[in-house]
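K.L.:
Here it is, the structure, as structure tokens.
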Amino acid sequence: MAETPETPQKPKDRCKVCKKPFISYPMGEKAGFKLIACKACGSVMVDPWITQEELDAYFGQVQPQITHLPEPDEQIETMSQRIRRVTRDAAGKSFVDVAARQGYGVKAAQAEGMKAIGLDPHDFFAKFAQEVYGPDFFKHASLQDYAASDPPKADLIFAIETFCEQSDLEGFTAGLSRLLAPGGSIYIEEADGNNFNLPRNFTDWSYVEPPLNFVYLSKKGLVALLGRHGLKIQKMFFTWKPLMRLIAVKQ
Ligand SMILES: [Zn+2]
């Protein structure tokens, strides 16, 4: 049951991102979704929170038809640049892209000489990548399920614009930690929900597209979330865009 915007949340409520007592303020409405921000960490999210069942029902209904992005070769090269941003010594190491989408991250990792696989929780993306680039390199699986199957650990994990699509932030981040090899790195790119360059009206930001994405982490929130799973930011790359680009490692 939805609460009215003015109702202070129950005292026991905690922010899903930073886990501080949840005091929220309104951030507007988009596509019929109400958005609120956490006073403690600045992360923005839909209210009420969206469940996996609701997401499954939504994607089951829309059945997206996946096609290549424009210039796939350039997309792959951009992914290679990201890999080289993390390591100059990638050959022979293992790579998992936990939101593989069209498969460009996996193709880039293979081009860098890595043992690479891609996961995608969406069957339509997994199917596309399997058909285009080979069934052995892509799995239709959530990170949580994959990590629970005790797979080989990954030296490099890519998590690109995927926190914003997670209804289970806790399980997802636990999966990252579990999958990461000792000494390994996670490369994260994520929209920054608390960036100084965002439009005055949050909902004017074209990136905000609920229910395709529905939680926009702040840096403070991301640090807290990673920290609960034994991870920390090792390096943050500067960008003018409202985007966080960083390398996370085990604490
Ligand atoms: Zn918070």
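K.L.:
What's the FRET efficiency of LYS39 with PHE59 using the Cβ-Cβ distance as r and R₀ = 30 Å, to the nearest 0.05?
P.N.:
0.40
K.L.:
Calculate for the chain the 222 nm mean residue ellipticity that helices alone would give, adding -39,500 (n - 2.57) per DSSP H run of length 4 or more and normalising by residue count, nearest 500 deg cm²/dmol.
P.N.:
After summing the helix terms and dividing by residue count, I get -8500 deg cm²/dmol.
K.L.:
Of the options ALA111, LEU169, VAL98, report the single residue whose Cα projects farthest towards the positive end of the charge dipole of segment 52-184 (beta-carbon charges: Lys, Arg +1; Asp, Glu -1).
P.N.:
ALA111
K.L.:
Isolated Cys in the chain by the 4.7 Å beta carbon test?
P.N.:
CYS164
K.L.:
I need the peptides 78-84, 14-20 ranked by packing, meaning the mean over residues of other C-beta atoms within 10 angstrom, with the highest value on top.
P.N.:
The peptides rank, most packed first, as 14-20, 78-84.
K.L.:
Could you tell me the calculated FRET efficiency between ASP89 and GLU29, based on Cβ-Cβ distance and R0 = 51 angstrom, to the nearest 0.05?
P.N.:
On the way: r = 48 Å, r/R0 = 0.93.
E(calc), rounded to 0.05, equals 0.60.
K.L.:
Still on this structure, I have one more. Per residue, how much accessible area does segment 109-171 show when a 1.4 Å probe rolls over the protein heavy atoms, in square angstrom?
P.N.:
44
K.L.:
In the chain, carbon and sulfur make up what percent of the accessible area (probe 1.4 Å)?
P.N.:
C and S atoms contribute 52 percent here.
K.L.:
Now for a separate question. Rounded to a whole number of µm²/s, how large is the Stokes-Einstein D of segment 154-251 at 10 °C and 1.306 mPa s, given Rh as the Kirkwood radius over C-alpha pairs?
P.N.:
Rounded to a whole number, D works out at 115 µm²/s.
K.L.:
State the antiparallel share, in %, of DSSP beta bridges confined to the chain, rounding to the nearest 5.
P.N.:
So the antiparallel bridges amount to about 60 percent of the total.
K.L.:
Let me ask something additional. How big is D for the chain, in µm² s⁻¹ as a whole number, if Stokes-Einstein is applied with the Kirkwood radius of its Cα pairs at 4 °C and 1.567 mPa s?
P.N.:
Numbers: Rh = 18.8 Å.
In µm²/s, the coefficient rounds to 69.
K.L.:
For VAL132 and HIS68 in one chain, what is 0.36 nm times their gap in residues minus the Cα-Cα distance, to one decimal in nm?
P.N.:
Taking 0.36 nm per residue and subtracting the Cα distance, the gain is 22.1 nm.
K.L.:
Relative contact order of the chain: what whole-number percent is it, with Cα pairs under 8 angstrom and at least 6 residues apart?
P.N.:
Contact order relative to length: 19 percent.
K.L.:
Hey, with R₀ at 30 Å, roughly what FRET efficiency would PHE196 and LYS232 work out to, going by the Cβ-Cβ distance, to 0.05?
P.N.:
Working from the Cβ atoms, E equals 0.80.
The values are calculated or read from the model by the stated rules, or taken from the named source; none is laboratory data. Keep in mind it's a predicted model, so treat the numbers as computed, not measured. Glycine gets a Cβ as well: all are built from the backbone with ideal geometry, and neighbour counts include every protein chain shown. Heavy atoms of the whole protein, side chains included, go into the accessibility calculation; ligands, DNA and RNA do not. Shrake-Rupley method; radii C 1.70, N 1.55, O 1.52, S 1.80 Å.
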